[in-house]
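Q: Here's a structure for you.
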Amino acid sequence: MRYSQYYIPTLREIPADAELASHKLMLRAGMIRKSSAGIYSFLPLAQRVLKKIIRIVEEEMDRAGGMQVLLPIVQPAEIWKQSGRWDVYGEEMFRLQDRHQRDFCLGPTHEEMITTLIKNEVRSYRELPLRIYQIQNKYRDEIRPRFGVMRAREFIMKDLYSFDRDEEGLNRSYQAMYEAYERIFTRCGLAFRAVEADSGAIGGDVSHEFMVLAPSGEAVILYCEACAYAANDEKASAALPPVTMEELLPLEKVATPGQATVPEVTAFLGVNPDRLIKTLFYQTDEEFIAVLVRGDDELNEIKLGNLINKPYRLASPEELAAKLELPVGYVGPVGLKDKGVKVLADLRVKTMKNAVCGANLEDYHLRHVNLERDFTVDTYADLRLAKAGDPCPHCGHPLAETRGVEVGHIFKLGTKYSKALGATFRDEDGEEKPFIMGCYGIGITRIIAAAIEQNNDQDGIKWPLPIAPFQVTILALGVEQQAVAEEIYQELTAAGVEVLYDDRDERPGVKFKDADLIGIPLRLTVGPKSMAQGEVEVKIRRSGEELRWPRPEVTSRVLAFLKEENQRHSN
RNA sequence: CGGGGCGUGGCUCAGCUUGGUAGAGCGUUCGGUUCGGGACCGAAAGGUCGCAAGUUCAAAUCUUGUCGCCCCGACCA
């Protein structure tokens, strides 16, 4: 490709409304332009990268038994109402009506669509398993789109849906996808980690996220350096501390005027936060729920939500005062039963002895509070937010924390959608059974951002070879060099190399700057100095390494370089 | 949804406090000189000052509304 005939509108100045390196660089390298919040046009360079990523994904999906289809983006409300998600998805769904006022949405995902399709087509266990995928635009009206294509409202996603006749089949499908994902992200040249995850609004039980490790990532990951354990912060758990032997002291009420928060109370009473029982009040439609966590812990609302399993919200101080006569800041579990409040507690509360908590009386706390003797708990569960330093739930080694960009997420859905939508097949035993489903997503457009986030420097992007828009760029510094550059361009192109030949009538500085910004892995410079010696200058973008190759060897050396680089990313 | 900020040539921004001829740099076009890390000189084109209403003799500037965009937060007692 000749640069002079190609369109790469690079920007010299940094766009004002970009925050993240990847966002800035995609704008500056002339890859994307914003249309409206979270909605972007992809220019030629970005399109080339997209195609490369899609190609890799397609190859690995096909290899793992996937079949590609194209599904409607405009989806009827009906199927969403059947699955119950028309309401659950809420504001995040782009909704529209046709001329007959029939409701539709722009598909945020395709479980309903695919399940409905399969329901009408597949009758027998003999046709299973099925692994069907699509790579298409999806739409989510995010509360706050940000970071360019990282969190966009219109984005490209690959989703594969597996249909199996039983759990074993699902496990095989899941495993096949897990392995395919590892291959895909490795081939894209990304440093990533698979972590255990909460399955969220999609539903189902087992779930893994694939995280591209980057400090700017929105997701927090806790992982063990000693074993394979890794989970996102919504899901992560920790081993319990040992139960201490301690004599139970008599319950005591102490005045703590004006001391309402954990730091205040612990400072005032001279105890550590791990001695405190923090009591939070939530409310469902029917009842108040008190949730107990240790004073140095934070409640994980995702875990709480999974336990309660119905809509809930934090109760307001006014409600507590009015309906339960409880003063916020001085609340505790003792005596709550009498008020008809259900009490949930984090597992760690079980190990606490002689604890401190609010006395349910303004300006008073209780000390030497003990479980069973002074209060009881209806249900114990892991409800706390795990944090760095906690013992690993598998091996006890302290957990470490890092951040990542979620580029893939796989779920075992089970029968959630097949049951809701009545998608069944006739099994070998003659029984009509719902399909056992799994779904497996990859944020294609997000991979671009994640890859840049992980591979850039102050000069620009450093593309991993397998997803680089071009493999090699040739700079002809002056008019005298054009003949030679042209020759090399022809040679490499004939050899099947993807070349961006910078034949523009620009000063060398401009060409160097643009080459660095666009980030093509291998740069060949034909300039007066080296040409006089019958050589070509070579710079490897990734390492910054500079070399000189004799002119006649250029093509063979380029091919050798590409081969070696590609092997580095293969598996 | 709450809070904050910003909308002025393609881009980055100044001008607004104190109303009176709309500016700079970059980019673009033309001419010339340059030519190894975003050149220099000269000339030129290019703006309903987001939109609407109001105040005023007069509004980019003041007021109100509205739309868009960016950032932070969304309750842990």
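Q: Return the residues of segment A:508-533 that are closer than 15 Å to A:Leu11 by Cα and more than 7 Å from RNA strand B (Cβ to nearest atom); say none if nothing qualifies. So that I can check it myself, show each step before the final result.
A: Quick first cut of segment A:508-533, residues closer than 15 Å to A:Leu11 by Cα only: A:509-519.
Within segment A:508-533, A:Lys511, A:Ile518, A:Gly519 meet the criteria.
Q: So which residues in segment A:309-324 are in contact (Cβ under 8 Å) with a residue 12 or more places away in the chain and either crowded, with 20+ Cβ neighbours inside 10 Å or within 14 Å of RNA strand B (Cβ to nearest atom) (or both), if there are any at all? So that I can check it myself, show each step before the final result.
A: At the first step, the residues of segment A:309-324 found to be in contact (Cβ under 8 Å) with a residue 12 or more places away in the chain are A:310-315, A:319-320, A:323-324.
Hits for segment A:309-324 are A:Pro311, A:Tyr312, A:Arg313, A:Leu314, A:Ala315, A:Glu319, A:Leu320, A:Lys323, A:Leu324.
Q: Determine whether segment A:129-149 contains at least one residue that is at pLDDT below 90 and in a strand (DSSP E or B).
A: Yes, the conditions are met somewhere in segment A:129-149.
Q: Moving on. Being touching an Asp or Glu at 6+ places or on another chain (Cβ under 7 Å) and among the acidic types (Asp, Glu) is the filter here; which residues of segment A:447-473 pass it?
A: A:Asp459
Q: While we're on this one: Taking the options A:Ala29, A:Ala16, A:Ala46, A:Ala37, name whichever one is without any contact (Cβ under 8 Å) to a residue 40 or more places away in the chain and either within 30 Å of A:Leu500 (Cβ to Cβ) or surrounded by fewer than 20 Cβ atoms within 10 Å (Cβ to Cβ) (or both). Steps first, please.
A: Details: A:Ala29 fails: without any contact (Cβ under 8 Å) to a residue 40 or more places away in the chain; A:Ala46 fails: without any contact (Cβ under 8 Å) to a residue 40 or more places away in the chain; A:Ala37 fails: without any contact (Cβ under 8 Å) to a residue 40 or more places away in the chain.
After applying the criteria, what remains is A:Ala16.
Q: In addition: Would you be able to say whether some residue in segment A:287-302 is in a helix (DSSP H, G or I) and within 9 Å of RNA strand B (Cβ to nearest atom)?
A: Initially, segment A:287-302 is screened for residues in a helix (DSSP H, G or I), giving A:301-302.
Adding the requirement that they be within 9 Å of RNA strand B (Cβ to nearest atom) leaves A:301.
Looking through segment A:287-302, at least one residue is in a helix (DSSP H, G or I) and within 9 Å of RNA strand B (Cβ to nearest atom).
Q: Now, a different point. For segment A:342-353, which positions are assigned to a strand (DSSP E or B) and either modelled with pLDDT of 90 or more or under 22 Å from A:Ala267 (Cβ atoms) (or both)?
A: First pass over segment A:342-353, keeping only residues assigned to a strand (DSSP E or B): A:342-346.
Residues satisfying the conditions are A:Val343, A:Leu344, A:Ala345, A:Asp346.
Q: A further question follows. Out of (1) under 30 Å from A:Tyr312 (Cα atoms); (2) away from RNA strand B (no atom under 16 Å from the Cβ); (3) not β-branched (Val, Ile, Thr), what's the single condition that is false for A:Gly90?
A: Status for A:Gly90: all satisfied but (2).
Q: What strands (runs of 3 or more DSSP E), lying completely within segment A:424-470, carry at least 1 residues that are over 19 Å from A:Arg126 (Cα atoms)? Steps first, answer last, please.
A: Numbers: elements: A:424-426, A:432-434, A:436-443.
Hits in segment A:424-470: A:436-443.
Q: Additional query: Filter segment A:25-44 for residues that are in contact with a strand residue (DSSP E or B) (Cβ under 9 Å, 6 or more places away or on another chain), more than 8 Å from RNA strand B (Cβ to nearest atom) and part of a helix (DSSP H, G or I); which is farthest from A:Trp463 (Cα to Cα)?
A: A:Leu27
Q: A follow-up question, please. Taking A:Met1 and the conditions (1) within 16 Å of RNA strand B (Cβ to nearest atom); (2) in contact with a Leu (Cβ under 9 Å, 6 or more places away or on another chain), which numbered condition does it fall short on, given that it satisfies the others?
A: So the condition that A:Met1 fails would be (1).
Q: For segment A:4-24: of the residues being assigned by TED's automatic domain parsing to the domain that holds A:Ile447 and assigned to a helix (DSSP H, G or I), which is nearest to RNA strand B (Cβ to nearest atom)?
A: So the residue we want is A:His23.
Q: Taking segment A:59-104 as the region of interest, how many residues are loosely packed, with under 13 Cβ neighbours inside 10 Å and touching a strand residue (DSSP E or B) at 6+ places or on another chain (Cβ under 8 Å)?
A: Residues that pass the stated criteria total 7.
Q: Now for a different question. Return only the number of the condition from (1) in contact with a helix residue (DSSP H, G or I) (Cβ under 8 Å, 6 or more places away or on another chain); (2) assigned to a loop (DSSP other than H, G, I, E, B); (3) hydrophobic (A, V, I, L, M, F, W, C); (4) at pLDDT 85 or above that A:Val356 does not satisfy.
A: If we test A:Val356 against (1) in contact with a helix residue (DSSP H, G or I) (Cβ under 8 Å, 6 or more places away or on another chain); (2) assigned to a loop (DSSP other than H, G, I, E, B); (3) hydrophobic (A, V, I, L, M, F, W, C); (4) at pLDDT 85 or above, just (2) comes out false.
Q: Say we look at segment A:534-546 and pick out the residues that are within 11 Å of RNA strand B (Cβ to nearest atom) and either surrounded by fewer than 16 Cβ atoms within 10 Å (Cβ to Cβ) or free of Cβ contacts under 8 Å to residues at least 40 places away in the same chain (or both); which of these is nearest to A:Ile461 (Cα to Cα)? Steps first, answer last, please.
A: Step one: filter segment A:534-546 for residues within 11 Å of RNA strand B (Cβ to nearest atom), giving A:535-539, A:541, A:544, A:546.
When the remaining residues are screened for being either surrounded by fewer than 16 Cβ atoms within 10 Å (Cβ to Cβ) or free of Cβ contacts under 8 Å to residues at least 40 places away in the same chain (or both), the result is A:535, A:537-539, A:544, A:546.
Details: A:Glu535: 27, A:Glu537: 20, A:Val538: 18, A:Lys539: 14, A:Gly544: 12, A:Glu546: 17 Å.
In this case the residue turns out to be A:Gly544.
Q: Would you point out which residue out of A:Asp164, A:Asp141 is of a type in the set (Asp, Glu) and either away from RNA strand B (no atom under 16 Å from the Cβ) or more than 24 Å from the chain's Cα centre (by Cα) (or both)? Steps first, answer last, please.
A: On the way: A:Asp141 fails: either away from RNA strand B (no atom under 16 Å from the Cβ) or more than 24 Å from the chain's Cα centre (by Cα) (or both).
None of the others qualify; the one that does is A:Asp164.
Q: Only residues that are touching a helix residue (DSSP H, G or I) at 6+ places or on another chain (Cβ under 8 Å), farther than 15 Å from A:Leu522 by Cβ and either at pLDDT 95 or above or more than 13 Å from RNA strand B (Cβ to nearest atom) (or both): list them for segment A:485-507, please.
A: Selection gives A:Asp503 alone.
Q: Hey, A:Ile53 hits all of (1) within 14 Å of A:Arg446 (Cα to Cα); (2) in contact with a helix residue (DSSP H, G or I) (Cβ under 7 Å, 6 or more places away or on another chain); (3) within 16 Å of RNA strand B (Cβ to nearest atom) but one; which does it fall short on?
A: Here A:Ile53 clears every test but (3).
Q: Suppose the filter is under 27 Å from A:Asp198 (Cα atoms), touching a residue at least 60 places away in the same chain (Cβ under 8 Å) and either surrounded by 21 or more Cβ atoms within 10 Å (Cβ to Cβ) or away from RNA strand B (no atom under 16 Å from the Cβ) (or both); does A:Ala239 pass it? Outline the logic, then answer.
A: On the way: under 27 Å from A:Asp198 (Cα atoms): yes; touching a residue at least 60 places away in the same chain (Cβ under 8 Å): yes; either surrounded by 21 or more Cβ atoms within 10 Å (Cβ to Cβ) or away from RNA strand B (no atom under 16 Å from the Cβ) (or both): yes.
The answer is yes for A:Ala239.
Q: Can A:Ser570 be described as more than 8 Å from RNA strand B (Cβ to nearest atom), under 40 Å from the mean Cα position of the chain (by Cα) and hydroxyl-bearing (Ser, Thr, Tyr)? Steps first, answer last, please.
A: On the way: more than 8 Å from RNA strand B (Cβ to nearest atom): yes; under 40 Å from the mean Cα position of the chain (by Cα): yes; hydroxyl-bearing (Ser, Thr, Tyr): yes.
When the stated conditions are applied, A:Ser570 passes them.
Q: Right, something else. Looking only at residues in segment A:279-304 that are in contact (Cβ under 8 Å) with a residue 40 or more places away in the chain and of a type in the set (D, E, K, R), which one is surrounded by the fewest Cβ atoms within 10 Å (Cβ to Cβ)?
A: Once the filter is applied, the top-ranked residue is A:Glu287.
Listed here are the residues, each with its yes/no results for (1) among the polar types (S, T, N, Q); (2) part of a loop (DSSP other than H, G, I, E, B); (3) within 16 Å of RNA strand B (Cβ to nearest atom); (4) touching a residue at least 40 places away in the same chain (Cβ under 8 Å).
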residue	(1), (2), (3), (4)
A:Asp159	no, no, no, yes
A:Phe185	no, no, no, yes
A:His208	no, no, no, yes
A:Ser216	yes, yes, yes, yes
A:Ala260	no, yes, yes, yes
A:Glu264	no, no, yes, no
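The values are calculated or read from the model by the stated rules, or taken from the named source; none is laboratory data. Everything quoted here is computed from the prediction, not taken from an experiment. Neighbour counts are summed over all protein chains in view; Cβ atoms, including those assigned to glycine, are modelled from backbone coordinates with ideal geometry.
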